[in-house]
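Just below is one structure, and these are the notes that go with it.
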Amino acid sequence: MNKKFIRIAICLFVSVLLIYSCGQMSKNTKDSPKESELETVDSLHVLEVGDKYVDAELFDMQGNKHHLSEAFSDGHYVLLDFWNLGCGACRQSESELMEVYEQMKGKLEIVGINLDSISRWQNHEWSKHIVWKNWNDGKMWKGGIKSRYYDWNAVPFYVLLSPDGHILWEMAGYGAGCFLGIVEALNGPMQDNYSNPQLAVRRVDANADGTKVSFRIYTRKDLWFSIAKESYLEANGKKYKLTAADGIKLDENNTPQHKAYSVRVKYGLDINYCDFTLTFEPFESTPERFDFKAGDGEDVFIIRNISVK
């Protein structure tokens, strides 16, 4: 592939490498909740982006019953984290999730949904130090809440839900920097960065001289990204060319140097970020929303529905 169309070989590649299939199909141990104690979760339809979430009954580590609907109090976004103890990628993601959880208190609730047996989950030291909602429905891979959100046996799997309970984004595997990028997007101008969650728009300045778009990108330490000179904005059926870049070199490998946070768990990954600004031709008439595309290739950065305000 031509260098100018290269995206980061970061998270999509890393995500594939870090998907751990954990087909652990052992039966529930004797201390698991009885089938009659669990809410039956219909598996007729696997939910997709745009669908309304499905509620379910789950248990915490003390055996108390909860419903997924509890996580939506006070208008929070909700991130579902399907995981199990044998999954290395699940453990690698925890350091970034911990950072996001602290940054987004009052805005984002994380619900860990463990797929191990109740006894294994309750007795493992890793389970005990999780600080967000840490629940299990006792059904492991055999139906239950997991079967409503995806229908194959692998972890981790993530689902981001809007405050009104609709699915905004899904991801299989862990791509370092994805959650931090989504936080940037949620705190910045309205945008849909879910195709490339490591990259987010932080600010838009549109005037008669041009449109400046400020970005932040997160990568695993020592990995690079590239932005093509052929990048453009699209609004009202027209393209607006890239005219200048500040903070990066176009069509070259750029390696972020700023440390995103300090890793606080055993398997955490070092993540860096880079801030840069791209300037484009001025809009003929200022739109309410526009798209950013790093060229017309099949594998390029795209952020859609970026708000000018």
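The values are calculated or read from the model by the stated rules, or taken from the named source; none is laboratory data. Note that the structure is predicted; figures quoted are calculated from it, not measured. Backbone-built Cβ (ideal geometry, glycine too); neighbour counts: all protein chains shown. Side chains are part of the model used for accessible areas, which takes the heavy atoms of the whole protein and leaves out ligands, DNA and RNA. Shrake-Rupley method; radii C 1.70, N 1.55, O 1.52, S 1.80 Å.
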note = Expected single match for among the aliphatic types (A, V, I, L, M), open to solvent by 10 Å² or more (accessible area, probe 1.4 Å) and either part of a strand (DSSP E or B) or without any contact (Cβ under 8 Å) to a residue 12 or more places away in the chain (or both) among L186, L168, L160 is L168
inquiry  = I'd like the full set of residues that are surrounded by fewer than 17 Cβ atoms within 10 Å (Cβ to Cβ) and under 19 Å from I248 (Cα atoms), limited to segment 280-301.
reply    = E281
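Tell me yes or no: at least one residue of segment 265-272 is touching a His at 6+ places or on another chain (Cβ under 7 Å) and either basic (K, R) or open to solvent by less than 30 Å² (accessible area, probe 1.4 Å) (or both).
Applying the first criterion (touching a His at 6+ places or on another chain (Cβ under 7 Å)) to segment 265-272 yields 272.
From the residues that got through so far, the ones that are either basic (K, R) or open to solvent by less than 30 Å² (accessible area, probe 1.4 Å) (or both) too are 272.
Yes: one or more hits.
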task = Determine whether segment 74-87 contains at least one residue that is surrounded by 21 or more Cβ atoms within 10 Å (Cβ to Cβ), in contact with a Lys or Arg (Cβ under 8 Å, 6 or more places away or on another chain) and under 23 Å from W152 (Cβ atoms).
result = yes
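Going by the conditions given, is G181 at pLDDT below 95 and under 28 Å from L278 (Cβ atoms)?
Answer is no for this residue.
Only one residue in E99, E109 is modelled with pLDDT of 95 or more and assigned to a helix (DSSP H, G or I). Which one?
Details: E109 fails: assigned to a helix (DSSP H, G or I).
Being modelled with pLDDT of 95 or more and assigned to a helix (DSSP H, G or I) holds for just one of E99, E109, which is E99.
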Long-range neighbours under 6 Å by Cβ, at least six apart or interchain, first residue outside any strand (DSSP E or B) within segment 215-239, second basic (K, R) and open to solvent by 50 Å² or more (accessible area, probe 1.4 Å) = A228/K4
ask   = Among the residues of segment 240-249, which ones are buried (at least 18 other Cβ atoms within 10 Å of the Cβ) and either assigned to a loop (DSSP other than H, G, I, E, B) or free of Cβ contacts under 8 Å to residues at least 24 places away in the same chain (or both)?
value = I248
query = Filtering segment 256-277 down to residues that are without any contact (Cβ under 8 Å) to a residue 24 or more places away in the chain and in a loop (DSSP other than H, G, I, E, B), which residue is nearest to A206 (Cα to Cα)?
reply = Q257
